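Have a look at the structure below, then the notes.
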Amino acid sequence: MHLRTTPAAPICFMHLRGLAISHRARSPYACRYMSFSTAAPRIINHMNEDHADALRLYVRAFSDAVPNGPVRMTGIDADTMTLHLASSDTTVRIPFDPPLESADDAHTRLVQMVQEARATLDDHDASAS
């Protein structure tokens, strides 16, 4: 007799207004996207309020666009951050490679990307001199 087993659906944990909520998702990817649906507004607000300089660095280092004015984050999910350049009314999508595992992973990755952007731009500026 052959028993067919299927793996149990993953259990996602997310924080909503200070409460830890668990949910059985259909796939690991569903967990990833669920966590962003609740965390994205908080991340976007924080980046726009406290890290405008980092947003400009992301555009300069990871896209072909030129940020001649304010840059605002308008979206974030496991795969990309979306930035809006006010001066040219342009939207830039910067991919996360590899995709973020969860919304909690966003902080670490965004800090790493700022460090990478600074290094890239410093190297570029040094070679242009």
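Got at least one residue in region 75-90 being farther than 17 Å from Val114 by Cα, surrounded by fewer than 13 Cβ atoms within 10 Å (Cβ to Cβ) and within 15 Å of the chain's Cα centre (by Cα)? Looking for residues that are farther than 17 Å from Val114 by Cα, surrounded by fewer than 13 Cβ atoms within 10 Å (Cβ to Cβ) and within 15 Å of the chain's Cα centre (by Cα), one finds none in region 75-90, hence no. Any residue at all in region 34-55 that is at pLDDT 90 or above and part of a strand (DSSP E or B)? No, every residue in region 34-55 fails to be at pLDDT 90 or above and part of a strand (DSSP E or B). Checking each residue in region 52-67 for being in contact (Cβ under 8 Å) with a residue 60 or more places away in the chain and over 13 Å from the mean Cα position of the chain (by Cα) picks out Leu57, Arg60, Ala61. Residue under question is Arg72, and the condition is that it be surrounded by fewer than 17 Cβ atoms within 10 Å (Cβ to Cβ) and at pLDDT below 95; does it hold? Criteria not met by Arg72.
Within region 24-31, is there a residue that is buried (at least 17 other Cβ atoms within 10 Å of the Cβ), modelled with pLDDT of 65 or more and outside any loop (DSSP other than H, G, I, E, B)? Taking every residue of region 24-31 in turn, none turns out to be buried (at least 17 other Cβ atoms within 10 Å of the Cβ), modelled with pLDDT of 65 or more and outside any loop (DSSP other than H, G, I, E, B). Give the residues of region 78-115 that are modelled with pLDDT of 90 or more, in contact with a helix residue (DSSP H, G or I) (Cβ under 7 Å, 6 or more places away or on another chain) and more than 18 Å from Asp50 (Cα to Cα), sorted by residue number. Within region 78-115, Val92, Ile94, Phe96 meet the criteria.
With the requirement that a residue be in a loop (DSSP other than H, G, I, E, B), over 27 Å from Thr38 (Cβ atoms) and of a type in the set (Ser, Thr, Tyr), what does region 70-129 give you?
The first filter runs over region 70-129 and keeps only residues in a loop (DSSP other than H, G, I, E, B), leaving 70, 77-79, 86-89, 96-103, 129.
With over 27 Å from Thr38 (Cβ atoms) added as a condition, the list becomes 86-89, 129.
The answer is Ser87, Ser88, Ser129.
The values are calculated or read from the model by the stated rules, or taken from the named source; none is laboratory data. As the structure is a computational prediction, the values presented were derived from the model and not from experiment. Here Cβ is always computed from backbone atoms with ideal geometry, including for glycine, and neighbour counts include all displayed protein chains.
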